Structure formats: structure tokens, C-alpha cells
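The values are calculated or read from the model by the stated rules, or taken from the named source; none is laboratory data. These figures come from a predicted structure and were not determined experimentally. Because the Cβ atoms are built from the backbone with ideal geometry, glycine has one as well, and the counts that use them run over all protein chains shown. Just so you know, the surface numbers come from the protein's heavy atoms only, side chains and all, with ligands and any DNA or RNA stripped out. Shrake-Rupley method; radii C 1.70, N 1.55, O 1.52, S 1.80 Å.
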Amino acid sequence: MCGIVGASAQREVAPILLEGLRRLEYRGYDSAGMALVDHGRIERTRAVGKVAALAERLGEHNPGTLGIAHTRWATHGGVNEANAHPHVSNGRVAVVHNGIIENHEALRSRLRDAGYQFDSETDTEVVAHLIDSYRADGSSLAEAVRRAVAELHGAYALAVVAADDPETLVATRRGSPLVLGVGIGEHFVASDVAALLPVTRRFVYLEEGDMVTLTPDYFEVTDADGRVLDRPVQESVLSIEATEKGAYRHFMLKEIHEQPRALTDTWQGRLSDNNVLASSIGPEAEALLARVEAVHIVACGTSSHAGMVARYWIEAEARLPCNVELASEYRYRDPVVPRNCLFVTLSQSGETADTLAALRYAKSLGEGAGYLATLAICNKPETSLTRESDLIMMTRAGPEIGVASTKAFTTQLMCLRMLTAMIGRGPDRAERVVGDIRGVGSAVERVLELDSAISHLAEHFVDKQHALFLGRGPMYPIAMEGALKLKEISYLHAEAYAAGELKHGPLALVDEDMPVVAVAPNNEWLEKVKSNLQEVRARGGKLYVFADENSGLETEPGITVLDMPHVPDTVAPIAYTIPLQLLAYHVAVAKGTDVDQPRNLAKSVTVE
Ligand code: AGP
């Protein structure tokens with residue numbers, strides 16, 4: 001989704017803004033732009049495509065100690081220079097925006113009647129003109145922004161500068177993320193702390209409705225009515241290296257290889273010798289979780305697959321009814337909520353608009369409707385999701401930059417594994433699970449040794465158009481996750497089926513041009529999976545199976561088997577995700593796609 005960077009400093013800000021945009025590239029975008037205030041003029045530069053294209057257009061020297069910059073992910077209007085941000089009103093006010101202004105049409109026609117001309121098809125341009133219209137009566141920039149946002153419906157993070165105010169930047173948010181960076185003799189705003197790590201480690205996380213006015217040596221956070229708010233300045237513990245590729249060719253590969261560490265970090269401090277500590281997610285958690293009688297899990301995309309795995313665990317082990325649903329569907333269908341229902345959201349970014357909307361829906365109905373408490377399992381600290389939930393369990397995967405979610409997913413599974421034990425009623429099982437959890441990091445390290453074998457396997461997929469993924473039980477959502485990864489970064493059409501469902505339709509698709517990938521741990525479903533694989537082989541399908549080393553499955557004509565180290569059943573979904581991530585990665589590399597920033601996609605989906 002769109003990325004925002006802004007700065008007011010005592011030095012030229014163009015290099016800071018450009019580096020900030022580069023560090024936001026992972027969010028997904030299709031054009032970029034910058035506006036600098038210099039000698040009473042707004043100098044705007046925009047380019048379709050990568051930030052590198054903007055940098056080329058900007059050239060060497062770009063004077064201005066105040067500026068805003070943006071990467072755009074198109075929503076209203078096509079991908080072209082006229083629609084790229086910043087949008088400028090009459091050379092006087094420049095605006096960058098992340099989000100969607102829902103009432104832009106009504107505002108546009110009002111502003112047209114007032115004589116404003118529109119140069120783009122975007123919803124954002126109305127904001128620039130609206131602010132400019134309020135400045136006409138002598139309002140300060142901050143006052144004009146405040147009056148303008150009072151009229152906006154929808155979601156926004158905005159950063160605004162004016163030609164006649166050479167030091168002031170005004171920024172505000174509602175529904176889209178924004179942080180303030182605190183420097184010495186300079187202040188910044190950005191969609192994400194990662195953008196500002198080269199210039200500061202001190203941040204104020206702006207909350208819903210906050211507005212910040214900043215100059216090089218001053219900042220003030222106010223609410224919608226202009227009342228001054230006291231928001232804490234927090235030191236970020238993120239290292240610059242954590243947000244860089246290092247020796248890896250792609251962020252995705254780095255993040256795949258970070259999983260042993262990330263998984264271990266996620267359980268550290270949350271286990272005793274024989275149990276998972278509910279108290280590790282807050283002092284009130286133990287009492288609250290003891291009352292849980294049902295669970296609703298809501299998420300999007302990859303995160304929803306983690307929820308689907310957890311349903312198998314929670315129902316089989318904790319013996320509690322568990323409903324898992326896509327966030328974009330949940331709140332629109334009036335779900336029946338059982339008594340004492342724990343409402344769980346899963347999100348890497350903590351800013352996914354659909355997930356956030358579902359959380360707000362559940363909170364608006366509250367205990368009267370059956371909701372006992374809300375729990376966010378989230379990878380990013382200080383997000384809308386974590387701020388608005390009763391309980392928080394952080395996934396501790398570290399920054400995930402590749403658009404394709406990898407370590408965030410497996411650490412979500414780790415959290416859900418622990419949550420199952422926390423709400424379960426059987427201590428015996430918990431004791432075994434604790435041992436399994438402690439062993440996951442080293443099991444995943446062994447799976448990663450398959451990297452080069454999987455890169456060879458990937459060659460079989462490069463000239464294919466489609467692929468099927470099969471799994472049973474908790475491996476069915478893992479197959480779904482494998483198919484999503486392949487689709488997302490290699491643009492190959494892939495679908496996942498519960499292996500038992502194959503004969504009810506999709507078997508008709510199987511021929512020698514349809515690779516079929518299966519995950520087969522040594523569990524209660526293994527023999528059934530083997531029968532399903534025979535159904536594929538008998539129809540000439542080409543099978544690629546990741547199977548437990550003791551499964552008895554062997555490579556022979558029509559079936560290629562890659563042996564997986566034996567892992568306990570309780571954590572097998574985590575281990576079996578890894579080869580599917582590697583497969584998608586190597587197919588994408590072989591096809592030459594943009595692995596970290598696949599076309600049309602955004603890392604953090606902040607619009608509904
Ligand atoms: C994962 O590879 C995807 N890019 C996407 O499905 C993602 O998981 C989804 O948009 C949810 O994001 P979240 O975890 O940040 O809420």
C-alpha cells in the first residue's frame with residue numbers, strides 16, 4: 001500500500017526522503033513522487049514505476065529543507081504520472097495520502113463549483129484543494145488541515161506542506177498508519193519506522209485521529225479539536241540490518257532462513273518446564289483464558305491459513321469449538337457468537353483494514369453478544385490492531401519486508417500452538433507440546449538443508465501454467481499456503497485441495513502438464529494421503545511429495561519424493577511450510593519475477 005515519508009530539517013531533505021521511499025518499497029507500489037518546498041515554491045517530481053525512476057528524474061541536486069514523498073499503490077485512477085502523489089493545489093499546498101477518501105465525489109463537485117481544477121482521477125487531489133480552500137481565509141496550515149479532515153469520510157494518513165510556510169509539515173492519521181520520527185534539529189513522519197531508521201531511532205506512534213505539526217526543532221501532537229496530547233517518545237530496538245537484505249539475494253530468502261531463530265524467539269519466556277504460560281501475554285490473561293468456551297479466529301490471506309491450522313489444534317486438543325473466517329466476510333454476515341468466545345485476530349502488519357474492521361465489529365458488540373475478550377497475534381508493535389485489542393501475543397519474527405509472508409506465518413503458528421495449550425484443559429498434553437515447541441527451531445534448520453534439492457525441483461514448474469497442492473488435516477491449510485505462495489510470487493496458477501476432495505472434481509484437471517505437490521507427514525492421515533496420491537498417478541499426473549523420512553514413499557516414475565526429517569505431529573505444520581516457501585521462491589527466481597515486490601500486491605493492505 002502507499003508509503004509516506006516527510007521531513008522538516010536544517011539540511012536538504014531530498015536524500016532522506018528518497019532513502020525513506022526505498023525502505024518503503026516493500027509495501028508494494030506502482031509510482032512515486034516528491035514535493036520539496038524551496039524559496040516559496042513547491043517543486044514536484046513524479047515518476048511511474050520504481051523509486052529508482054524517481055531518483056533518476058530528480059537528478060543530483062534538489063534544494064529544500066522541507067518536503068514530502070510518496071509511493072502510490074493505485075486505488076482511484078490508473079497508474080500514470082498525473083495520478084501519482086504528491087497532489088498540489090494551485091502551487092500552494094502539496095499533499096501525500098495513504099488510504100481512501102470515500103466522499104471524494106461530493107467534495108470534488110463542491111470544489112469544482114468553487115473554481116478548482118482537477119488534474120488527476122484520484123481521491124487525494126480533493127484533499128489538496130480542500131486544504132487550500134481553507135487557507136484562503138488566513139488559516140494556518142494546521143488549522144486548514146484540521147478543518148479539511150473534519151469533512152473526510154474514509155481512511156487516511158496525510159502529510160501536507162505549503163509553499164508559504166517553509167518549515168512546517170502537518171500530518172494526521174485515521175485508519176492508516178503513521179509515525180513521527182524525532183531527530184535533533186529535524187523531525188520526520190513516515191508510514192513505517194523502517195523508512196526513518198537511518199535518521200532516527202526515536203518515534204511517536206500516532207494514534208487514530210492524531211495530528212502532528214512539526215518544524216526542525218518543534219513538534220506538537222493534537223487531537224481533532226486542537227487539544228494538545230501527550231504521546232510518549234519511544235526508542236526503537238530495530239537495527240538497520242534487520243531491515244536490509246545483507247548477503248541474501250532477496251528479502252524473502254533471508255526471511256525464510258531466519259525462521260529457526262524467529263520461532264525460538266517467539267516461544268522464549270513463554271514456557272515453563274511442563275506448560276505454556278498464559279501469564280506471558282498479560283497479568284489478566286490466565287483468568288480470562290480459563291473462561292474461554294469458544295474461539296473465533298479472523299484474518300486475511302496467509303494469516304487466515306494459520307488460523308485454519310489452529311482450528312484443528314483447538315478443537316482436537318483444547319476441545320473447544322473454533323470458527324475461522326476471512327476478515328472481509330466475517331462482519332458482513334452477522335455471525336452467531338457462542339458464549340465466552342475469544343475473538344482472535346492474526347496479522348503480520350497489524351494494520352490490515354479488513355482485519356481491523358472485523359475487530360472493531362466484535363468490540364462494538366462486546367460481551368453482550370458473547371465476546372469474552374479480543375486477542376491480537378501480531379508481528380508489528382504499536383499498530384492499530386495491538387492498540388485496540390484486550391490481549392496481545394507478539395510473534396517476534398522481526399521485520400518482514402518481502403511481500404510474501406513467510407516467517408510471520410510460521411511464528412503465528414507457533415503462537416497458536418501455545419494458545420491451544422493455554423486454553424486447553426489437559427496438562428499431560430501440554431507437557432509433551434512444550435518439548436515439541438522447544439525442538440521446532442532445530443527441526444526447521446534441518447528442513448532448510450533441502451534448499452538446493454528444492455531449487456532443482458523448481459525447474460519442473462517453470463514452464464507450467466498451473467499446479468495443484470494437496471494435504472489432509474492440518475496439512476490442508478498448509479497446502480493452501482503453499483499454493484498462495486506460488487501464485488503470489490511466480491504468477492503460476494495454483495490451487496489447494498484437501499486430498500480426499502480430489503476425486504470430487506479437481507481430478508479432472510490432472511494430466512502430465514499439471515504438477516501436483518503434496519505434503520505427507522507420518523501422521524494418522526498418511527495412508528489416506530497415499531491412496532489419494534495413487535489416484536493422481538493412475539491418471540498420469542506428476543507428483544512432487546514432501547514426505548516424512550519414514551513414510552515409506554519413494555521416488556519412482558511419476559512421483560518425486562523429498563524426504564523431510566521426522567517432526568512431532570504437534571508442530572509438523574510449521575516444518576512442512578518451509579519446503580513450500582522454498583519451492584515458490586525458487587520457481588519465482590527461475591521465472592525471473594520480482595520476488596520481493598510481486599506485481600499488483602502490497603505488503604500491508606490498509607484499504608478494505
Ligand atoms: C501473504 O503472503 C500475503 N502477502 C497476504 O495474503 C497477507 O498475509 C494478508 O494481506 C494479510 O496481511 P496481515 O498478516 O499483515 O494482516
Inset, instruction - Considering only DSSP beta bridges where both residues belong to the range 463-608, give the percentage that are antiparallel (nearest 5). - result: 5 percent
Legend entry - Order of exposure, largest accessible area first, which applies to D30, D132, D273 with probe 1.4 Å: D273, D30, D132
Inset, instruction - Mind grabbing the accessible area of L238 for me, 1.4 Å probe, Å², rounded to tens? - result: 40 Å²
Inset, instruction - Quick one: compute the contact order of the chain, relative version, from alpha carbon pairs under 8 angstrom and 6+ residues apart, as a percent. - result: 12 percent
Inset, instruction - Determine which residues of the range 488-523 fall in the zone a paramagnetic label at S531 would reach in this model, i.e. backbone nitrogen under 14 Å from the point 7 Å along Cα→Cβ. - result: 499-504
Legend entry - Mean separation of Cα contacts under 8 Å (6+ apart) over length of the range 277-348, as relative contact order %: 44 percent
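Residues of the chain: accessible area per residue at 1.4 Å, in Å²?
Normalised by residue count, the accessible surface of the chain is 37 Å².
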Inset, instruction - Tell me the Kirkwood hydrodynamic radius of the range 130-240 in angstroms, computed as one over the mean inverse distance between distinct C-alpha pairs. - result: 14.3 Å
Inset, instruction - For the range 402-511, state which trypsin sites (Lys or Arg not before Pro) are in a DSSP loop and have at most 14 other beta carbons lying within 10 Å of their beta carbon. - result: R425
Inset, instruction - Can you check what the net charge comes to around A584, using other residues whose Cβ is under 11 Å from the Cβ of A584 (Lys, Arg +1; Asp, Glu -1)? - result: +1
Inset, instruction - Take the Cβ-Cβ distance between N523 and A52 as r, set R0 to 41 Å, and report the resulting FRET efficiency rounded to the nearest 0.05. - result: 0.30
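Using the 2.2 N^0.38 Å rule of thumb for compact globular proteins, work out how the range 455-608 stacks up: its C-alpha Rg over that value, please.
It is 1.01.
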Inset, instruction - Largest first and in whole Å, give the semi-axes of the range 374-457's equivalent ellipsoid, each being the square root of 5 times a Cα gyration tensor eigenvalue. - result: 26, 22, 8
Legend entry - In the range 485-529, GluC sites (Glu not before Pro) in a DSSP loop with at most 13 other beta-carbon atoms within 10 Å: E512, E524
Inset, instruction - Provide the net charge surrounding T65, with neighbours chosen by a C-beta distance below 10 Å and charges set as Lys +1, Arg +1, Asp -1, Glu -1. - result: -3
Legend entry - Ratio of Rg to Rh over the range 507-561 (Cα coordinates, Kirkwood Rh, two decimals): 0.95
Legend entry - the chain - percent of accessible surface contributed by carbon and sulfur, probe 1.4 Å: 48 percent
Legend entry - Calculated Rg and Dmax of the chain using C-alpha coordinates, Å: 25.4, 80
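When DSSP assigns beta bridges and you keep just the ones with both residues in the chain, what percent turn out antiparallel, to the nearest 5?
That works out to approximately 60 percent antiparallel.
In the range 323-365, which trypsin sites (Lys or Arg not before Pro) fall in coil by DSSP and have 14 or fewer other Cβ atoms within 10 Å?
Of the trypsin sites (Lys or Arg not before Pro), the ones in loops of the range 323-365 whose Cβ has at most 14 other Cβ atoms within 10 Å are R333, R339.
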